[in-house]
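Asks: Take this structure first; my questions come after.
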Amino acid sequence: MKRIAVVGGAGRMGQALAENLNLIDGLVVSALVDPREPGHLFGASYFATLDAVAPTEVDVVVDFSQPESVLASARWCARHHRGLVIGTTGLSDEQQAQVMSAAGSTGIIMAANFSLGAVLSERFAAMAAPYFERVEIIELHHDRKVDAPSGTSITTAARINEARRAAGRVTPEDPTRRFTIEGARGADAGDGVRIHSVRLPGLVAHQEVLFGGAGEGLTIRHDSYDRVSFVQGVAIAVASVDETPGFTWGIDGLIP
Ligand code: NAD
């Protein structure tokens with residue numbers, strides 16, 4: 001049985017993980033860590049900080065909190081030789097580098113998206129990337145999301161760019177010169193791949209990758225309708241983290 005401490009345990013994702021990881025054989029959420037008291041404990045104990053948790057009560061830490069607290073989780077895990085699974089997004093480059101260097105011999109698995117559908121759609125986008133002239137991404141999320149563009153769209157753009165570079169595919173220059181409203185062409189994620197961020201109540205997490213070529217288009221769309229969509233990927237990472245020392249980005253390599 002793997003005992004899990006969920007950092008950010010009172011949050012929307014923390015509560016979804018506490019409820020649903022407990023339903024998976026071999027996993028139990030033993031601690032919810034959050035400065036706010038969680039609405040539901042789902043059989044776990046509540047702690048305001050990770051330092052208050054006895055390391056002997058926890059095998060793996062899962063962090064879905066906020067960028068400023070991830071390094072503390074990484075340091076706690078390195079100190080106590082516990083694996084860490086990070087879902088928190090929006091880390092600055094400096095925060096990201098600090099977390100990576102904290103890993104040491106401890107396993108850290110970090111992913112911008114733990115939904116299997118999203119991971120597969122990234123794979124499919126990378127497969128399609130060399131064959132089309134242009135590609136743009138529309139990411140759509142609930143209106144309480146604090147970072148933009150989404151971590152998933154940034155990772156998707158990076159994988160598309162990598163595949164296009166490897167194939168020698170260069171995106172033609174964007175002819176748009178006159179902006180009636182600034183920002184209308186979205187954010188440039190490099191090499192001409194643009195990301196457009198939509199924030200609306202009622203949405204959870206959605207993404208469309210639109211490819212355009214001569215006389216044809218291809219759209220790869222993924223929808224997370226419910227936060228339970230992230231649970232299976234987190235469970236895969238929890239199961240793998242002790243066998244993957246050091247820092248691992250994404251769960252693509254953990255899915256056959
Ligand atoms: P949320 O605001 O509902 O929850 C965040 C929680 O973290 C809050 O309860 C807050 O009190 C808590 N928190 C803040 N500081 C803390 C600290 N020092 N220690 C412990 N807890 C602390 O947000 P959410 O919707 O649950 O999302 C949480 C994070 O997970 C965000 O970064 C979001 O983008 C990310 N996310 C990632 C994935 C993925 O698949 N990787 C999926 C969904 C959400």
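Asks: Shape verdict for segment 5-82, please, from the Cα gyration tensor: rounded (a/c under 1.5), prolate (a/b greater than b/c) or oblate. Spell out each step's value before the answer.
Replies: On the way: a/c = 1.63, a/b = 1.21, b/c = 1.35.
Here segment 5-82 falls in the oblate category.
Asks: Can I ask one more? Along the charge dipole of the chain, Cβ charges K/R +1 and D/E -1, which of 54, 150, 163 sits furthest on the positive end?
Replies: Farthest towards the positive end: 163.
Asks: Something else now. Considering the chain as a Gaussian network with a 10 Å cut-off on Cα pairs, which listed residue, 72, 167, 184, attains the greatest mean-square fluctuation?
Replies: Looking only at 72, 167, 184, the biggest GNM fluctuation is shown by 184.
Asks: For residue 145, tell me the accessible area in Å² from a 1.4 Å probe, rounded to the nearest 10.
Replies: 40 Å²
Asks: Roughly what angle does helix 12-21 make with the longest principal axis of the chain, taking Cα atoms, 0 to 90 degrees, to the nearest 10?
Replies: Orientation of helix 12-21: about 60 degrees from the principal axis.
Asks: Please build a GNM for the chain, connecting alpha carbons under 10 Å apart, and tell me which residue among 206, 80, 196 fluctuates the most.
Replies: Top of the fluctuation ranking is 80.
Asks: Local charge sum around residue 12 (other residues, Cβ-Cβ under 10 Å, Lys/Arg +1, Asp/Glu -1)? Walk me through the intermediate numbers first.
Replies: Working: positive: 144, 227; negative: none.
Around residue 12, the charge tally is +2.
Asks: Nearest 10 degrees is fine. How inclined is helix 93-102 to the longest principal axis of the chain, computing both from alpha carbons?
Replies: The angle comes out near 40 degrees.
Asks: In debye to the nearest 20, how big a dipole does the chain give about its Cα centre with +1 on each Lys and Arg Cβ and -1 on each Asp and Glu Cβ?
Replies: Working: 22 positive and 30 negative charges, 37 e Å.
The dipole magnitude comes to about 180 debye.
Asks: Could you check what % of the DSSP bridge pairs in segment 1-139 are antiparallel, to the nearest 5?
Replies: Bridges in segment 1-139 that DSSP calls antiparallel: roughly 0 percent.
Asks: How much of the DSSP bridge set in the chain is antiparallel, in percent, rounded to the nearest 5?
Replies: Of the beta bridges lying entirely in the chain, close to 40 percent run antiparallel.
Asks: Per-residue ellipticity at 222 nm for the chain, helices alone: DSSP H runs ≥ 4 residues times -39500 (n - 2.57), over residue total, nearest 500 deg cm²/dmol?
Replies: Values: 6 runs with 73 residues, N = 256.
Value at 222 nm, helices only: -9000 deg cm²/dmol.
The values are calculated or read from the model by the stated rules, or taken from the named source; none is laboratory data. Because the structure is predicted, anything quoted here is derived from the model rather than measured. So basically every Cβ, Gly included, is an ideal-geometry build from the backbone, and we count neighbours across all protein chains shown. To get the accessible areas, we keep the full protein, side chains included, count just its heavy atoms, and leave off ligands, DNA and RNA. Shrake-Rupley method; radii C 1.70, N 1.55, O 1.52, S 1.80 Å.
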